[in-house]
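Taking it in order: structure first as C-alpha coordinates, then the write-up.
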Amino acid sequence: MVRKHTRRAAKAAFAVSFGVALLLGLAACGGGSSGGNNTTTTGSATGSKPTIVLGSKNFPEETLLGQLYGQALKVKGFKVVYKPSIGSSELIDVAIKSGKINFYPDYIGIVALDLAKMKSPPPTAQATYDAANTYEEKSGLTLLKMTPFADVDTFTVLTKTAHNLHLTKISDLSNVKSFSYGGYPECQTRITCLLGLKNIYGLKQVTFKPLSTISVYTLLDNGTVTGGDGFSTDPQQLQTKKYTALVDNKHIFGFQNVAPVVSKKLLTGPNGTLLVTTANDVSAKLTLNAMQQMNKAVVVDKESPALVAKKFLQANGLE
(Lines give C-alpha, C1' and ligand atoms only; values in the text may rest on other atoms or scores of the structure.)
Protein backbone atom coordinates (compact mmCIF):
# COMPACT_ATOMS: atom_id res chain seq x y z
CA MET A 1 0.00 0.00 0.00
CA VAL A 2 5.00 7.29 -2.39
CA ARG A 3 5.99 5.93 0.95
CA LYS A 4 9.13 4.72 2.55
CA HIS A 5 9.72 1.10 1.74
CA THR A 6 12.50 0.49 4.19
CA ARG A 7 11.51 -2.10 6.76
CA ARG A 8 11.19 -0.78 10.25
CA ALA A 9 12.58 -3.03 12.93
CA ALA A 10 9.79 -4.54 15.02
CA LYS A 11 9.78 -4.26 18.77
CA ALA A 12 9.40 -7.30 20.96
CA ALA A 13 6.62 -9.61 19.78
CA PHE A 14 3.35 -9.82 21.66
CA ALA A 15 2.96 -12.49 24.24
CA VAL A 16 0.09 -14.76 23.33
CA SER A 17 -1.97 -13.08 26.01
CA PHE A 18 -1.46 -9.67 24.37
CA GLY A 19 -0.74 -8.30 27.82
CA VAL A 20 -1.97 -4.96 29.06
CA ALA A 21 1.53 -3.97 30.14
CA LEU A 22 2.82 -4.01 26.57
CA LEU A 23 -0.27 -2.22 25.33
CA LEU A 24 0.37 0.54 27.84
CA GLY A 25 3.84 0.81 26.35
CA LEU A 26 2.29 1.21 22.92
CA ALA A 27 0.00 3.92 24.26
CA ALA A 28 3.01 6.00 25.19
CA CYS A 29 4.17 5.82 21.58
CA GLY A 30 0.92 7.22 20.18
CA GLY A 31 1.25 10.61 18.56
CA GLY A 32 -1.10 13.11 17.00
CA SER A 33 -2.22 12.33 13.50
CA SER A 34 -1.96 14.55 10.50
CA GLY A 35 -4.80 15.54 8.27
CA GLY A 36 -7.76 17.70 8.99
CA ASN A 37 -11.45 17.31 9.47
CA ASN A 38 -13.27 19.67 7.20
CA THR A 39 -16.75 19.20 8.62
CA THR A 40 -18.72 21.32 11.04
CA THR A 41 -21.48 20.15 13.31
CA THR A 42 -24.82 21.79 13.83
CA GLY A 43 -27.51 21.41 16.46
CA SER A 44 -30.85 19.68 15.96
CA ALA A 45 -34.11 19.37 17.82
CA THR A 46 -33.17 16.02 19.35
CA GLY A 47 -30.11 14.88 21.25
CA SER A 48 -30.34 11.23 20.19
CA LYS A 49 -27.17 9.76 18.80
CA PRO A 50 -27.25 8.51 15.20
CA THR A 51 -26.79 4.85 14.35
CA ILE A 52 -23.36 4.16 12.89
CA VAL A 53 -23.41 1.43 10.25
CA LEU A 54 -19.74 0.60 10.20
CA GLY A 55 -18.34 -1.30 7.25
CA SER A 56 -14.94 -2.90 6.82
CA LYS A 57 -13.09 -4.55 3.98
CA ASN A 58 -12.25 -8.21 3.62
CA PHE A 59 -8.97 -8.76 5.45
CA PRO A 60 -7.94 -9.02 9.12
CA GLU A 61 -6.50 -5.53 9.60
CA GLU A 62 -9.73 -3.95 8.34
CA THR A 63 -11.82 -6.11 10.67
CA LEU A 64 -9.56 -5.02 13.52
CA LEU A 65 -9.85 -1.34 12.56
CA GLY A 66 -13.61 -1.65 12.43
CA GLN A 67 -13.63 -3.05 15.95
CA LEU A 68 -11.31 -0.32 17.23
CA TYR A 69 -13.48 2.51 15.95
CA GLY A 70 -16.78 0.75 16.62
CA GLN A 71 -16.08 -0.20 20.22
CA ALA A 72 -14.79 3.28 21.07
CA LEU A 73 -17.91 4.88 19.60
CA LYS A 74 -20.20 2.41 21.36
CA VAL A 75 -18.67 3.39 24.71
CA LYS A 76 -19.70 6.97 23.96
CA GLY A 77 -23.32 5.90 23.57
CA PHE A 78 -23.54 5.48 19.80
CA LYS A 79 -25.40 2.48 18.43
CA VAL A 80 -22.98 0.64 16.16
CA VAL A 81 -24.03 -1.91 13.55
CA TYR A 82 -21.10 -3.83 12.07
CA LYS A 83 -20.97 -4.77 8.39
CA PRO A 84 -17.65 -6.65 8.09
CA SER A 85 -15.93 -8.17 5.06
CA ILE A 86 -17.80 -6.13 2.45
CA GLY A 87 -14.96 -6.51 -0.03
CA SER A 88 -12.46 -4.30 -1.81
CA SER A 89 -12.30 -0.49 -1.69
CA GLU A 90 -14.14 -0.43 -5.01
CA LEU A 91 -17.05 -2.38 -3.49
CA ILE A 92 -17.16 -0.62 -0.15
CA ASP A 93 -17.06 2.74 -1.96
CA VAL A 94 -20.32 1.74 -3.66
CA ALA A 95 -21.76 0.62 -0.31
CA ILE A 96 -21.17 3.94 1.44
CA LYS A 97 -22.33 6.02 -1.53
CA SER A 98 -25.55 4.00 -1.73
CA GLY A 99 -26.20 4.49 1.99
CA LYS A 100 -25.81 0.84 3.01
CA ILE A 101 -23.08 1.95 5.44
CA ASN A 102 -22.11 5.39 6.72
CA PHE A 103 -18.64 4.88 8.22
CA TYR A 104 -15.62 2.80 7.23
CA PRO A 105 -11.81 3.00 7.47
CA ASP A 106 -9.80 3.22 4.24
CA TYR A 107 -6.28 3.95 3.06
CA ILE A 108 -5.77 7.44 1.70
CA GLY A 109 -3.59 6.36 -1.24
CA ILE A 110 -6.11 3.77 -2.35
CA VAL A 111 -8.85 6.42 -2.30
CA ALA A 112 -6.74 8.99 -4.18
CA LEU A 113 -5.15 6.68 -6.74
CA ASP A 114 -7.53 3.75 -7.21
CA LEU A 115 -10.92 5.34 -6.55
CA ALA A 116 -10.30 8.94 -7.63
CA LYS A 117 -8.01 7.67 -10.42
CA MET A 118 -5.21 10.20 -9.98
CA LYS A 119 -2.59 9.65 -12.66
CA SER A 120 0.41 9.98 -10.37
CA PRO A 121 0.91 9.66 -6.60
CA PRO A 122 0.82 12.95 -4.64
CA PRO A 123 4.24 13.85 -3.18
CA THR A 124 3.31 13.72 0.52
CA ALA A 125 0.90 12.03 2.89
CA GLN A 126 -0.90 15.33 3.49
CA ALA A 127 -1.31 15.94 -0.25
CA THR A 128 -2.66 12.41 -0.61
CA TYR A 129 -5.10 12.99 2.26
CA ASP A 130 -6.29 16.25 0.69
CA ALA A 131 -6.83 14.58 -2.69
CA ALA A 132 -8.72 11.70 -1.10
CA ASN A 133 -10.91 14.08 0.90
CA THR A 134 -11.71 16.14 -2.20
CA TYR A 135 -12.91 12.94 -3.88
CA GLU A 136 -15.10 11.96 -0.92
CA GLU A 137 -16.56 15.47 -0.46
CA LYS A 138 -18.16 15.26 -3.90
CA SER A 139 -20.39 12.45 -2.62
CA GLY A 140 -21.48 13.93 0.69
CA LEU A 141 -18.71 12.16 2.57
CA THR A 142 -15.63 13.36 4.41
CA LEU A 143 -12.43 12.00 5.92
CA LEU A 144 -11.68 12.26 9.61
CA LYS A 145 -8.07 12.56 10.76
CA MET A 146 -5.56 10.05 9.48
CA THR A 147 -3.47 7.66 11.54
CA PRO A 148 0.27 7.93 12.22
CA PHE A 149 0.74 4.43 10.76
CA ALA A 150 0.63 3.67 7.06
CA ASP A 151 0.05 0.18 5.68
CA VAL A 152 1.86 0.21 2.37
CA ASP A 153 1.74 -2.51 -0.28
CA THR A 154 5.04 -4.31 -0.62
CA PHE A 155 6.44 -6.33 -3.50
CA THR A 156 7.44 -9.24 -1.30
CA VAL A 157 9.65 -12.17 -2.27
CA LEU A 158 11.43 -14.90 -0.37
CA THR A 159 14.84 -13.66 0.70
CA LYS A 160 16.44 -16.60 -1.11
CA THR A 161 14.63 -15.54 -4.29
CA ALA A 162 15.97 -12.00 -3.90
CA HIS A 163 19.50 -13.37 -3.58
CA ASN A 164 19.16 -15.81 -6.49
CA LEU A 165 17.71 -13.20 -8.86
CA HIS A 166 19.83 -10.30 -7.54
CA LEU A 167 16.81 -8.24 -6.51
CA THR A 168 16.87 -5.27 -4.14
CA LYS A 169 14.35 -2.96 -5.86
CA ILE A 170 11.33 -3.57 -8.07
CA SER A 171 13.02 -2.22 -11.20
CA ASP A 172 15.60 -5.04 -10.93
CA LEU A 173 12.87 -7.37 -12.19
CA SER A 174 13.39 -5.91 -15.66
CA ASN A 175 16.33 -8.30 -15.87
CA VAL A 176 14.15 -11.33 -15.11
CA LYS A 177 12.76 -13.07 -18.20
CA SER A 178 9.42 -13.92 -16.60
CA PHE A 179 7.92 -13.98 -13.12
CA SER A 180 4.60 -14.48 -11.37
CA TYR A 181 2.89 -12.18 -8.89
CA GLY A 182 0.13 -13.01 -6.43
CA GLY A 183 -2.43 -10.53 -5.12
CA TYR A 184 -6.09 -9.90 -4.40
CA PRO A 185 -8.25 -9.82 -7.57
CA GLU A 186 -8.62 -6.02 -7.45
CA CYS A 187 -4.83 -5.75 -7.82
CA GLN A 188 -5.28 -6.37 -11.55
CA THR A 189 -7.00 -3.03 -12.10
CA ARG A 190 -5.03 -0.83 -9.69
CA ILE A 191 -2.21 1.54 -10.54
CA THR A 192 -0.97 0.86 -6.99
CA CYS A 193 -0.58 -2.81 -7.89
CA LEU A 194 -0.41 -4.77 -11.17
CA LEU A 195 -1.11 -1.81 -13.47
CA GLY A 196 1.72 0.10 -11.83
CA LEU A 197 4.09 -2.83 -12.29
CA LYS A 198 3.18 -3.06 -15.97
CA ASN A 199 2.70 0.58 -16.97
CA ILE A 200 5.11 2.45 -14.71
CA TYR A 201 7.84 -0.15 -14.21
CA GLY A 202 7.35 -1.64 -17.67
CA LEU A 203 7.25 -5.20 -16.32
CA LYS A 204 5.11 -6.72 -19.07
CA GLN A 205 6.53 -10.20 -18.44
CA VAL A 206 4.55 -10.66 -15.22
CA THR A 207 1.91 -13.38 -14.84
CA PHE A 208 -0.75 -12.50 -12.29
CA LYS A 209 -2.16 -15.10 -9.89
CA PRO A 210 -5.23 -13.90 -7.97
CA LEU A 211 -5.54 -14.82 -4.31
CA SER A 212 -8.66 -16.40 -2.91
CA THR A 213 -8.49 -17.75 0.62
CA ILE A 214 -4.80 -18.66 0.48
CA SER A 215 -2.28 -16.22 1.92
CA VAL A 216 0.27 -14.73 -0.43
CA TYR A 217 2.92 -15.90 2.04
CA THR A 218 1.74 -19.49 1.60
CA LEU A 219 2.09 -19.11 -2.17
CA LEU A 220 5.59 -17.71 -1.70
CA ASP A 221 6.55 -20.51 0.68
CA ASN A 222 5.42 -23.28 -1.66
CA GLY A 223 6.94 -21.66 -4.76
CA THR A 224 3.63 -20.99 -6.54
CA VAL A 225 4.56 -17.35 -7.18
CA THR A 226 7.82 -15.45 -7.53
CA GLY A 227 6.51 -12.45 -5.61
CA GLY A 228 3.34 -11.18 -4.06
CA ASP A 229 1.39 -8.20 -2.81
CA GLY A 230 2.24 -8.02 0.88
CA PHE A 231 1.61 -5.19 3.33
CA SER A 232 3.95 -3.43 5.70
CA THR A 233 1.86 -4.24 8.77
CA ASP A 234 1.60 -7.97 7.97
CA PRO A 235 3.07 -9.97 10.86
CA GLN A 236 4.96 -12.02 8.30
CA GLN A 237 6.86 -8.87 7.34
CA LEU A 238 8.47 -9.02 10.76
CA GLN A 239 10.21 -12.20 9.61
CA THR A 240 12.79 -10.17 7.74
CA LYS A 241 15.17 -13.09 7.31
CA LYS A 242 12.60 -15.14 5.45
CA TYR A 243 10.95 -12.43 3.33
CA THR A 244 12.28 -9.37 1.56
CA ALA A 245 10.24 -6.35 0.50
CA LEU A 246 11.75 -4.87 -2.65
CA VAL A 247 12.26 -1.11 -2.71
CA ASP A 248 9.51 0.69 -4.62
CA ASN A 249 11.94 2.96 -6.43
CA LYS A 250 9.27 4.36 -8.79
CA HIS A 251 6.78 4.97 -5.98
CA ILE A 252 3.67 3.23 -7.30
CA PHE A 253 2.33 2.28 -3.88
CA GLY A 254 1.57 5.77 -2.59
CA PHE A 255 1.01 6.95 1.00
CA GLN A 256 -1.39 4.64 2.79
CA ASN A 257 -2.30 6.10 6.17
CA VAL A 258 -5.79 5.18 7.34
CA ALA A 259 -8.64 7.67 7.69
CA PRO A 260 -12.30 6.96 8.45
CA VAL A 261 -14.62 7.78 5.56
CA VAL A 262 -17.84 9.15 7.07
CA SER A 263 -21.19 10.35 5.78
CA LYS A 264 -21.64 14.04 6.56
CA LYS A 265 -25.18 13.26 7.66
CA LEU A 266 -23.69 11.63 10.78
CA LEU A 267 -22.01 14.90 11.72
CA THR A 268 -24.88 17.37 11.44
CA GLY A 269 -26.49 16.76 14.84
CA PRO A 270 -25.42 17.75 18.35
CA ASN A 271 -23.38 14.55 18.67
CA GLY A 272 -21.31 15.13 15.55
CA THR A 273 -18.45 16.66 17.49
CA LEU A 274 -18.39 13.71 19.90
CA LEU A 275 -18.26 11.27 16.99
CA VAL A 276 -15.39 13.14 15.34
CA THR A 277 -13.41 13.50 18.57
CA THR A 278 -13.85 9.83 19.49
CA ALA A 279 -12.74 8.54 16.10
CA ASN A 280 -9.82 10.98 15.95
CA ASP A 281 -8.66 9.90 19.42
CA VAL A 282 -8.53 6.28 18.23
CA SER A 283 -6.66 7.20 15.06
CA ALA A 284 -4.04 9.15 17.00
CA LYS A 285 -3.00 6.01 18.91
CA LEU A 286 -2.58 3.78 15.87
CA THR A 287 1.18 3.78 15.35
CA LEU A 288 3.00 1.35 13.07
CA ASN A 289 4.27 -0.68 16.00
CA ALA A 290 0.81 -0.85 17.58
CA MET A 291 -0.77 -2.15 14.37
CA GLN A 292 2.00 -4.66 13.72
CA GLN A 293 1.58 -6.10 17.19
CA MET A 294 -2.22 -6.18 17.05
CA ASN A 295 -2.13 -7.81 13.61
CA LYS A 296 0.23 -10.43 15.01
CA ALA A 297 -2.17 -11.11 17.86
CA VAL A 298 -5.02 -11.65 15.38
CA VAL A 299 -3.25 -13.46 12.52
CA VAL A 300 -0.55 -15.44 14.31
CA ASP A 301 -1.84 -15.85 17.87
CA LYS A 302 -5.44 -16.31 16.64
CA GLU A 303 -7.05 -13.90 19.08
CA SER A 304 -10.37 -12.41 18.03
CA PRO A 305 -10.22 -8.90 16.53
CA ALA A 306 -12.90 -7.80 19.00
CA LEU A 307 -10.83 -8.91 22.00
CA VAL A 308 -7.59 -7.44 20.68
CA ALA A 309 -9.34 -4.12 20.00
CA LYS A 310 -10.96 -4.11 23.45
CA LYS A 311 -7.63 -4.65 25.23
CA PHE A 312 -5.92 -1.94 23.20
CA LEU A 313 -8.69 0.60 23.81
CA GLN A 314 -8.73 -0.16 27.54
CA ALA A 315 -4.96 0.18 27.80
CA ASN A 316 -5.09 3.51 26.00
CA GLY A 317 -7.95 4.98 28.02
CA LEU A 318 -10.36 4.88 25.10
CA GLU A 319 -12.91 2.52 26.61
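Apply the Karplus curve 6.51 cos²θ - 1.76 cosθ + 1.60, θ = phi - 60°, to the phi angles in segment 114-129 and return the couplings in whole Hz, x for Gly and Pro.
9, 8, 7, 6, 4, 7, 8, x, x, x, 9, 5, 5, 5, 5, 4
Once you have a ≥ b ≥ c as the square roots of the Cα gyration tensor eigenvalues for segment 136-184, tell me rounded if a/c is under 1.5, and otherwise prolate or oblate according to whether a/b is larger than b/c.
Working: a/c = 3.86, a/b = 2.62, b/c = 1.47.
Judged from the Cα gyration tensor, segment 136-184 comes out prolate (a/c at least 1.5, a/b above b/c).
What relative contact order, as a whole-number percentage, does segment 185-311 give when Cα pairs under 8 Å and 6 or more residues apart are counted? Intermediate results must be reported in sequence, preceding the final value.
Values: 70 pairs, mean separation 27.2, N = 127.
Answer for segment 185-311 is 21 percent.
Listed here are the pairs Lys79/Lys310; Lys138/Lys209; Lys49/Lys302; Lys242/Lys310; Lys265/Lys311; Lys117/Lys302; which of them are more than 25 Å apart at the Cα?
Cα-Cα > 25 Å for Lys138/Lys209; Lys49/Lys302; Lys242/Lys310; Lys265/Lys311; Lys117/Lys302; rest within.
Quick check: at a probe of 1.4 Å, how many percent of the accessible area of segment 204-319 sits on carbon and sulfur atoms?
On the way: 2400 of 4310 Å².
The nonpolar share, carbon plus sulfur, comes to 56 percent.
Got a sec to turn the phi values of segment 203-219 into Karplus ³J(HN,Hα) couplings, 6.51 cos²θ - 1.76 cosθ + 1.60 with θ = phi - 60°, whole Hz, x for Gly and Pro?
Result, rounded to whole Hz: 8, 6, 8, 7, 10, 8, 10, x, 7, 10, 9, 8, 5, 4, 5, 5, 5.
What accessible area per residue, rounded to a whole number of Å², is obtained for segment 186-243 using a probe radius of 1.4 Å? Walk me through the numbers before you get to the answer.
Details: 2580 Å² over 58 residues.
Ligands and nucleic acids excluded, the result is 45 Å² per residue.
Can you give the accessible area of Lys49 in Å² (nearest 10), computed on protein heavy atoms with a 1.4 Å probe?
Looks like 70 Å² after rounding.
I need the peptides 262-272, 118-128, 291-301 ranked by packing, meaning the mean over residues of other C-beta atoms within 10 angstrom, with the highest value on top.
Numbers: 262-272: 19.6, 118-128: 16.7, 291-301: 22.2.
Packing order, densest peptide first, comes out as 291-301, 262-272, 118-128.
Accessible area per residue, 1.4 Å probe, Å², for segment 63-159: what's the number? If you can, show how the numbers build up before the last one.
Values: 3390 Å² over 97 residues.
Accessible surface, normalised per residue, equals 35 Å².
Per the 1.4 Å probe, what fraction of the accessible area of segment 49-104, in percent, lies on carbon and sulfur atoms?
Numbers: 1180 of 2130 Å².
Accessible surface attributable to carbon and sulfur in segment 49-104 totals 56 percent.
The values are calculated or read from the model by the stated rules, or taken from the named source; none is laboratory data. This is a predicted model, so every value here is computed, not measured. All Cβ positions, even for glycine, are placed from backbone atoms using ideal geometry, and neighbour counts span all protein chains on display. Accessible surface areas use protein heavy atoms only, side chains included; no ligands, DNA or RNA. Shrake-Rupley method; radii C 1.70, N 1.55, O 1.52, S 1.80 Å.
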